[in-house]
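One structure is given here, and the rest of the page talks about it.
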Amino acid sequence: MKALVLKYSIILIFIFSCIPTVYAQTIKCWFPPSWRSKPAVAKKITTALSQKSGINIQPRIARSYPQILKAFDSADMNLVYVGSFVQAIINARNLGIPLVQSLNDKELYSGVLVYPKGEDPKQILDQFPAKIAYAKGASSGESSAKAATAGKAKIQTTSHSATSRAIVAGKAKAGVVKNWWWQSNSSKFPQLAMYKIPGVSLEKNPDNVLTASKAVPANIRNKIIAAAKESKDDFGAKEIATFDPSLLQFSLQLMEKGKIDPQTYNW
């Protein structure tokens, strides 16, 4: 009997010794608050990453962006899948390491000015910089609007749609919205026209970037990168590519022009 118990004990020890230690670890993958409308997509992405990396990756839709930054500033392992504004702050504060980007032909975007048809957009920017509306916490909103007005734009909104409604209602002289958003939604605002702001409305802000916090070791980062590249369909992408951190420089430059300090910025 003792020999049988010993035999099974040896077998169990062998089995458990073959299981990678990462299986016992859980990594949270954060998604922005706007993803409250698509939790199934977040789950699909993290399930694919978990299955293909052998790491337990759990989706978390943030209540706010500060919640993501707080997690990244901890000793816990975290991931985040988000656009350039938050990525620029993470980069500036040295809180994370970008891994990959989802490519879908709209992975780089810009902020463009929308204004009442028949008016002069250059004149609006020159004479009414404080009356420019923008979505707070967005490269295509706040950063671009403030870069175009030397930090003087003041009308904060919760979304590009809210920015456009503020112009129609006369609460703002003009506003800055994401170029791809405007391309899909311009028909909803026939009263407005679009203007590309020189030096600002350049498609250089990276979207949909997966970044790991500094607490995630290199061997685990590499497994996640490999898993992501095998999961383009789960991300809804044409391709998943290794991300070049230098692509965040334009977003950081917009912040600098707009007098936004990524070290101290808060929502």
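The values are calculated or read from the model by the stated rules, or taken from the named source; none is laboratory data. Because the structure is a prediction, the values reported are computed rather than measured. As a convention, Cβ positions derive from the backbone with ideal geometry for all residues, glycine included, and neighbour counts pool all protein chains shown. With ligands, DNA and RNA removed, areas are computed over all heavy atoms of the protein, side chains included. Shrake-Rupley method; radii C 1.70, N 1.55, O 1.52, S 1.80 Å.
A cut-off of 5 Å between modelled amide H atoms, ignoring neighbours fewer than 5 places along the same chain, links Ala62 with Phe31.
Which of the trypsin sites (Lys or Arg not before Pro) across segment 89-151 are loop residues per DSSP, with 11 or fewer other Cβ within 10 Å?
Listed in order of number, the matching sites are Lys117.
Normalised by the number of residues in the chain, the average gap of Cα pairs under 8 Å and 6 or more apart makes the relative contact order 27 percent. For the chain, the antiparallel share of DSSP beta bridges with both residues in that region comes to about 60%. Taken along the Cα-to-beta-carbon direction at a fixed 7 Å, the label points for Ala241 and Ala169 span 4.0 nm.
The string of couplings for segment 153-165 from the Karplus curve (6.51, -1.76, 1.60, θ = phi - 60°) is 4, 10, 8, 7, 10, 9, 6, 5, 5, 5, 4, 5, 5 Hz, one whole number per residue in order, with x for Gly and Pro.
Modelled spin-label separation between Gln263 and Asn222, with each label point placed 7 Å from Cα along the Cα-to-Cβ direction: 3.4 nm. Were the residues from Ser34 through Asn56 laid out at 0.36 nm apart, the gain over their Cα-Cα distance would be 5.5 nm. Taking amide H as placed 1.01 Å from N in the peptide plane, the amide H of Leu192 sits under 5 Å from that of Lys117, each at least 5 places away or on another chain. Residues in segment 106-121 carry Karplus couplings, in order, of 10, 6, 10, 9, 9, x, 10, 7, 10, 8, x, 4, x, 9, 9, x Hz; the curve used is 6.51 cos²θ - 1.76 cosθ + 1.60 with θ = phi - 60°, and Gly or Pro positions show x.
Measuring between alpha carbons in the structure, the pairs from Lys44/Lys173; Lys43/Lys259; Lys43/Lys70; Lys117/Lys238; Lys171/Lys204; Lys171/Lys259 lying more than 31 angstrom apart are Lys44/Lys173; Lys43/Lys259; Lys117/Lys238. Annotation for Gln156 and Lys122: the two label points, set 7 Å from Cα along the Cα-Cβ direction, are 3.3 nm apart. With all protein chains in place and a 1.4 Å probe, the accessible surface of the chain carries 54 percent carbon and sulfur. Placing Arg60, Arg36, Arg221, Arg165 in order of accessible area, with the largest value first and a 1.4 Å probe, yields Arg36, Arg165, Arg60, Arg221. Considering only alpha-carbon pairs that sit under 8 angstrom and 6 or more positions apart, the relative contact order computed for segment 48-187 is 23 percent.
With all protein chains kept in place, the per residue accessible area of segment 102-238 amounts to 44 square angstrom at a probe of 1.4 angstrom.
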